[in-house]
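Reviewing the structure listed below.
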């Protein structure tokens, strides 16, 4: 393969999700939580999946990990290739075993995600002991190493502590250390900083970025905070109502969003360089699953919405630039930076 | 941990003191409104005043406070507490000490409780875990139906049916075909046999254990279900661990905490059940002693045995609390 | 995974509704849901019919038989069941008393006792649980200690002791007179469970925002307890009631068997079982089987209702 001048490493993707679709059977009927999601992440690359609550971002990663409760969840389509092997077609036992060794996950609420009755050291090396039969002394050594790696002070003493004896930030570090225990190739971090103080958030993000760069892992960062994405991500997938509405590299997405939703999200980030003015908010509420509007699901909240957005079936992805996709009838206009008012004047 | 233990032990002692006080007040009130139980000593024939006074003195009922309704009778209570400390829990109508009766009866009760506990634990853990694992499936429904059925059959009914309807024909048949000293015949003997203290408590014990297992099954199922959906179990699964490992170390281990707290209540239930079981099956144990004492209206024995069983219950509840702390580090490191 | 988790995954955050008080809205829908769920289960309907049948028997014994259970003819002793339409549908006992009439009239003390004990226990439990959970401090310390003291004396043991002690006191004739003693004793040792549940529920609820809001708005303690906190506790307590009724019915049978429960000449199923048991092997099986079957049917009906109610009010465990 010839070297290209792009910044992106031209390697095989480690994890490639294609056309993933997940449904939930609820008392109110079948709900499609993820619909036709595709993305890929390579070694050393960070992909951010951004969306509001209920947009399907967490469900999609749990599906990849094989952690969705089935029933009520059902994977109704798509593939998740890890190094070319489709995880979703593996038997559940094998699926989990592969993920255990190669794809790790950091969960949002570390207090709930850690078992309260086992010591942190035990949980750090649980998989090593149970699945790879390492000795207790090696396990202890490895646990201390892992805590050192995530910069938990006094690691030697703290491996004997229980999760409730750690502070919120330290607990999240432990969570990350557990994910790193098996030297995974891909790390999926599901809102790793949401439950934390702002200052601690920054520390945890920095730690994640450092470790990722050091180990050349593929990192999938799930967040609702577009502000976090800018610093660390290479690529970004914006999700709305179970679908990816925009996919782009992070610089283009920030500089010139191609979907009204991305644009609105960016406008709603508070900025230090703009004083005085009011902050733009996205009007309305995110749709409740099961009651997703017909046509483009974003149309009730969208300034660009025209009749076509209400009546036409959901827009298909448009490639607005090489490698950039947007699911919007007016993708080109949004990309060009034209405001809704201008479009109206043209009588569209 | 140390402070927790000390606090719990002191609390237990206080509870025990108050429970004994409650029993004392109830007895006192009963004597005040219902007349002297010492009269029961004489059965049907009328005692002379001197005889009555002698008996009253022996039972410690000669204090005038027993004639004044509403008097808490503090002095006899202090006296009684002193007796309890010396291990004197009163005597029966034939002047045999309750301590003596209990010491010969307790081993049979222990045998019964051992069988009960094993049955109860095995059935409860097994069926509760299976029901949680296959929640909503046919197996779960079946186990639930079984636990409802068990609940609908009070120990009393189970024992009557067992004794009068099941064992008699089965025992007769086995005795005639295998001989009266064969294990199977003894197993189905309709009443307790002192020469075979183990074999004749097995079936009553199993039945009593089954009767208590219904609520335990539900409890284990509920506690495990809570953990099946817990975030920490998801973390464990994300580690790629085998489901068996996850169930043992994360689901069963964590659900042991709420399950252990319920052991105390199941124990008090089982004590009541043991009284009925031993009574109906003529087992010579503490419960059977109490059962017969109620039938013969031997208040001294009833009082002594109930007090001893109360002491036992407080002890068990205390142990449960300590076990609870041992299982849950959040309490241990409070 | 539990239902709330699934809902959370599907829509991590449902938009808040307009109602200021989630309990108001929530409790009504929980009850409506529960009734809806229960009414679609054949086992529950059957159980409810059985329970209602026996309750009706308690209320209107004359609708079933006009025979006096106390008028016995010793020459008609141990007549085997003859079937309906004859003089003694279920036969007669050793003393020649009509079993059917005894059965109908024996339902009354058993069921009345159970209903009375559970009703009074629930009231005591609610009041003490509310007070100790709401005011905490010394009220809670006292109530908790009292609960613990009563808990360490098992119900049956306490009942045996106290009823033996008070045996022979005349409480008057009639149904009430014959059940008042066991009723007082069983109530005294049966209220703790409700108090514990209510207390836990109050502790959980009372610091929720809408309760704080009600307090800030100047709601009186009583109003806050009754309007905002109590509705949360009611569900759990209600689910316990049918099972508790079943428990008291069977405890009464044990007490009657030992001769310390409902006092003769009143009849209860427990007394009938007690009198009938020795005759099982003496060729009169029906004397034990008939009251035993009635007892089991009633207990089973209440247990089924209780189990389903618990299930409906706590859908998390389904």
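The values are calculated or read from the model by the stated rules, or taken from the named source; none is laboratory data. All values reported here derive from a predicted model rather than from experimental measurement. Because the Cβ atoms are built from the backbone with ideal geometry, glycine has one as well, and the counts that use them run over all protein chains shown.
Assorted remarks:
- Tally, over the stretch B:279-295, of residues that are out of contact with any helix residue (DSSP H, G or I) (no Cβ under 7 Å at 6 or more places or on another chain) and either more than 7 Å from chain C (Cβ to nearest Cβ) or buried (at least 24 other Cβ atoms within 10 Å of the Cβ) (or both): 1
- Residue within the stretch C:204-220 that is away from chain B (no Cβ under 12 Å), surrounded by 19 or more Cβ atoms within 10 Å (Cβ to Cβ), in contact (Cβ under 8 Å) with a residue 12 or more places away in the chain and closer than 30 Å to residue C:105 by Cβ present: no
- Hey, residue B:298 under 24 Å from residue B:82 (Cα atoms), at pLDDT below 85 and more than 7 Å from chain C (Cβ to nearest Cβ) or not: yes
- Among (1) outside any helix (DSSP H, G or I); (2) over 15 Å from the mean Cα position of the chain (by Cα); (3) crowded, with 18+ Cβ neighbours inside 10 Å; (4) modelled with pLDDT of 85 or more, the one test that residue A:160 misses: (3)
- Pairs linking a residue in the stretch A:109-121 that is modelled with pLDDT under 85 to a residue that is in a loop (DSSP other than H, G, I, E, B), with Cβ atoms under 6 Å and 6 or more positions apart or on different chains, are A:109/A:195.
- The number of residues in the stretch B:312-334 that are part of a helix (DSSP H, G or I), more than 9 Å from every other protein chain (Cβ to nearest Cβ) and touching a residue at least 60 places away in the same chain (Cβ under 8 Å) comes to 9.
- When residue B:260 is tested against (1) within 14 Å of chain A (Cβ to nearest Cβ); (2) in a helix (DSSP H, G or I); (3) over 22 Å from the mean Cα position of the chain (by Cα), only condition (3) is not met.
- Criterion: touching a helix residue (DSSP H, G or I) at 6+ places or on another chain (Cβ under 8 Å), part of a helix (DSSP H, G or I) and at the interface with chain B (Cβ under 8 Å from one of its Cβ atoms) - qualifying residue of C:307, C:311: C:307
- Some residue of the stretch A:215-226 being closer than 21 Å to residue B:239 by Cα, within 14 Å of the chain's Cα centre (by Cα) and modelled with pLDDT under 85: no
- Neighbours by Cβ (under 7 Å, 6+ apart or cross-chain): first from the stretch B:14-32, within 7 Å of chain C (Cβ to nearest Cβ); second surrounded by fewer than 17 Cβ atoms within 10 Å (Cβ to Cβ) and part of a helix (DSSP H, G or I): B:18/C:145
- Qualifying residue in the stretch C:54-68 (condition: farther than 30 Å from residue C:244 by Cβ and over 31 Å from the mean Cα position of the chain (by Cα)): no
- Tallying residues that are crowded, with 16+ Cβ neighbours inside 10 Å and at the interface with chain B (Cβ under 7 Å from one of its Cβ atoms) within the stretch C:165-177 yields 3.
- Sole residue being closer than 17 Å to residue C:246 by Cβ, touching a helix residue (DSSP H, G or I) at 6+ places or on another chain (Cβ under 7 Å), in contact (Cβ under 8 Å) with a residue 12 or more places away in the chain and within 14 Å of another protein chain (Cβ to nearest Cβ), chosen from C:183, C:190, C:107: C:190
- Verdict on residue B:307 being more than 18 Å from residue B:7 (Cα to Cα) and more than 14 Å from chain A (Cβ to nearest Cβ): yes
- Scan the stretch A:83-117 for residues that are assigned to a strand (DSSP E or B) and surrounded by 23 or more Cβ atoms within 10 Å (Cβ to Cβ) and the total you get is 4.
- Whenever a residue of the stretch C:241-261 is facing another protein chain (nearest Cβ under 7 Å) and surrounded by fewer than 24 Cβ atoms within 10 Å (Cβ to Cβ), it has no partner that is outside any helix (DSSP H, G or I) and modelled with pLDDT of 90 or more lying with C-beta atoms less than 6 angstrom away and at least six residues away or across chains.
- Residue in the stretch B:294-308 that is over 30 Å from residue B:102 (Cα atoms) and within 26 Å of the chain's Cα centre (by Cα) present: no
- Here the stretch A:105-142 is the region considered, the condition is being touching a strand residue (DSSP E or B) at 6+ places or on another chain (Cβ under 7 Å) and facing another protein chain (nearest Cβ under 7 Å), and the residue that is farthest from residue B:237 (Cα to Cα) is A:107.
- Check on residue C:255, within 23 Å of the chain's Cα centre (by Cα) and under 21 Å from residue C:137 (Cβ atoms): no
- When the stretch A:121-145 is filtered for residues that are in contact with a helix residue (DSSP H, G or I) (Cβ under 6 Å, 6 or more places away or on another chain) and farther than 17 Å from residue B:241 by Cβ, only A:144 remains.
- Of the residues screened, residue B:208 is not one that is touching a residue at least 24 places away in the same chain (Cβ under 8 Å), within 14 Å of chain A (Cβ to nearest Cβ) and more than 30 Å from residue A:102 (Cβ to Cβ).
- Candidates C:118, C:152, C:162, filtered to the one that is in contact (Cβ under 8 Å) with a residue 40 or more places away in the chain, buried (at least 20 other Cβ atoms within 10 Å of the Cβ) and touching a helix residue (DSSP H, G or I) at 6+ places or on another chain (Cβ under 6 Å): C:118
- Of the residues making up the stretch B:108-155, those that are within 14 Å of another protein chain (Cβ to nearest Cβ), over 26 Å from the mean Cα position of the chain (by Cα) and surrounded by fewer than 23 Cβ atoms within 10 Å (Cβ to Cβ) number 8.
- Considering the stretch B:58-69, and only residues there that are without any contact (Cβ under 8 Å) to a residue 40 or more places away in the chain and within 33 Å of the chain's Cα centre (by Cα), the residue that is farthest from residue B:88 (Cα to Cα) turns out to be B:66.
- Number of the exception - residue C:146 against (1) modelled with pLDDT under 90; (2) over 21 Å from the mean Cα position of the chain (by Cα); (3) surrounded by fewer than 20 Cβ atoms within 10 Å (Cβ to Cβ): (1)
- Candidates B:118, B:122, B:102, B:55 - the one that is assigned to a helix (DSSP H, G or I), farther than 22 Å from residue C:165 by Cβ and in contact (Cβ under 8 Å) with a residue 12 or more places away in the chain: B:118
- Flag for residue A:199 being modelled with pLDDT under 85, away from chain B (no Cβ under 14 Å) and within 17 Å of the chain's Cα centre (by Cα): no
- Yes/no for residue B:135 being in contact (Cβ under 8 Å) with a residue 40 or more places away in the chain and in the same structural domain as residue B:276 (by TED's automatic domain parsing): yes
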